[in-house]
Amino acid sequence: MTALPNRMNRDNHFKLGTFASNCSGGMSVTKSPGRWDASWDSNLKLGLLLDEAGVDFMLPIARWIGYGGETNFHGSVLETMTWAAGLLASTKRITVVSTTHTSANHPVVVAKQIATIDRISHGRAGLNIVAGWNKPEYEALGLTLPDDHETRYAYAQEWFDIIQKLWTHEGAFDWDGQWFKLKGVHSDPKPVHGRPPIINAAGSGQGREFATKNADFLFTPAIDLARSSEEVAEMHELSASKGRKVDVLTFSHVVCRPTEAEALAFVETFTGVNSDWAAVENLVALQFAHAQSFPHDLLALIKDRMAMGHGGYPLIGTPEQVADGISLLAETGFGGTTLSFVDYAAEFPYFRDTVLPILEARGLRLSD
């Protein structure tokens, strides 16, 4: 087997990926008939487009029940491990990340799953760790979401410690922990590069301690860029204090058209009266009740952005304006962003042909 470089490990390169293409509606909580369908055929078409264009990664959301409303936003979702395996088997360069909830997936099983899909792709897998926040999903699975973040992340730490040992330890071992008692466990084969890239979304203090200790990429929203600049600097300092380098990623929603007027007109077609506001209210209520990913003092702005792109930073306008927005994220200190579109496969080619060359000319992206 010939090992391939993992694009998430490239230095001096502003990373671009997609987010939530495995979920119905993608990142737009809209009733618009042109919304993303999240079928396998659509995801495969998108994956091949991204792979050929040199986009770095695809990141899914692991979801088990939808958010209700008229569309039941995220009610139809492709499971992330099998989704990633199919995409990695069909592509050549792109990294495909699997998103996994620690509470719903045994670490020995996850270690084997990730190692397997990493072997399928010759080293292009990634793992996004979710310590838990969506209480109705826990209840749907017959699980209990701990009220305190300390318990959630203590469990996640032991869970990931087991996975890391399975990926590195030769031979069998026992594990006598607080949550796991394992006898004679081992996992072979190992991932191709020793450890795939690790992503973790973190908003609370405990979450950011976990991310800067364990992850390669901390994933966080960009609502107020002045605030984000301070937060990114703090995350870099926190990771450096642990002797680590952790990049900070965010997520964005793209509406790119030849003119600004055309872009704004398109926004009107899927927001406002066409937003699924009942689903937005459910989504925001859950985020504010059980997670600390979004700043609570920016509720009104967050609701509008939730409807448009699940809280993603808006990149709206001409190719030059969209490139300017991405450049601003880089200047803020982010090492990359995911991109979402109302219809990923239909809209990405224009972004590819018009925005990517600008980013390469500005030195933000390495040419392949």
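The values are calculated or read from the model by the stated rules, or taken from the named source; none is laboratory data. Just so you know, these numbers come straight off a predicted model, no measurement behind them. Positions of Cβ are generated from backbone atoms using ideal geometry, with glycine treated the same way; all protein chains shown enter the neighbour counts. The area values use the complete protein model at the heavy-atom level, side chains included, leaving out ligands, DNA and RNA. Shrake-Rupley method; radii C 1.70, N 1.55, O 1.52, S 1.80 Å.
Miscellaneous remarks
- Odd one out for TRP83 among (1) open to solvent by 10 Å² or more (accessible area, probe 1.4 Å); (2) over 19 Å from PHE217 (Cα atoms); (3) within 19 Å of the chain's Cα centre (by Cα): (1)
- Looking across the range 149-172, the residues that are open to solvent by 60 Å² or more (accessible area, probe 1.4 Å) and among the charged types (D, E, K, R) come down to GLU150, LYS165, GLU170.
- Where helices (runs of 4 or more DSSP H) fall entirely within the range 276-354, those with at least 3 residues that are modelled with pLDDT of 95 or more, open to solvent by less than 30 Å² (accessible area, probe 1.4 Å) and in contact with a strand residue (DSSP E or B) (Cβ under 6 Å, 6 or more places away or on another chain) are at 319-332.
- Restricting attention to the range 187-215, the residues that are of a type in the set (Ser, Thr, Tyr) and closer than 17 Å to SER228 by Cα add up to 2.
- Extreme residue, nearest to THR250 (Cα to Cα), among residues of the range 168-206 that are modelled with pLDDT under 95 and of a type in the set (S, T, N, Q): SER204
- The single condition from (1) open to solvent by less than 50 Å² (accessible area, probe 1.4 Å); (2) in contact with a helix residue (DSSP H, G or I) (Cβ under 8 Å, 6 or more places away or on another chain); (3) farther than 28 Å from ASP118 by Cα that ASP224 fails is (1).
- Within the set SER32, SER21, the sole residue that is over 15 Å from the mean Cα position of the chain (by Cα) and either assigned to a loop (DSSP other than H, G, I, E, B) or more than 22 Å from ARG119 (Cα to Cα) (or both) turns out to be SER32.
- Among helices (runs of 4 or more DSSP H) entirely within the range 64-151, having at least 1 residues that are of a type in the set (D, E, K, R) and in contact (Cβ under 8 Å) with a residue 60 or more places away in the chain singles out 107-120, 135-140.
- Counting residues in the range 57-77 that are of a type in the set (S, T, N, Q), over 17 Å from the mean Cα position of the chain (by Cα) and open to solvent by less than 40 Å² (accessible area, probe 1.4 Å) gives one or more.
- Subset of the range 175-187 that is among the aromatic types (Phe, Trp, Tyr) and touching a Phe, Trp or Tyr at 6+ places or on another chain (Cβ under 8 Å) - its residue that is least open to solvent (accessible area, probe 1.4 Å): PHE180
- Checked against (1) farther than 13 Å from HIS106 by Cα; (2) surrounded by 20 or more Cβ atoms within 10 Å (Cβ to Cβ); (3) touching a residue at least 60 places away in the same chain (Cβ under 8 Å), LYS190 meets all criteria but (2).
- Taking the range 163-275 and the helices (runs of 4 or more DSSP H) fully enclosed by it, the elements with 3 or more residues that are of a type in the set (Gly, Ala, Ser) and in contact with a Gly (Cβ under 8 Å, 6 or more places away or on another chain) are at 225-241.
- Pick from the range 1-47, criterion farther than 21 Å from GLY86 by Cβ and free of Cβ contacts under 8 Å to residues at least 12 places away in the same chain, ranking: most open to solvent (accessible area, probe 1.4 Å): PRO33
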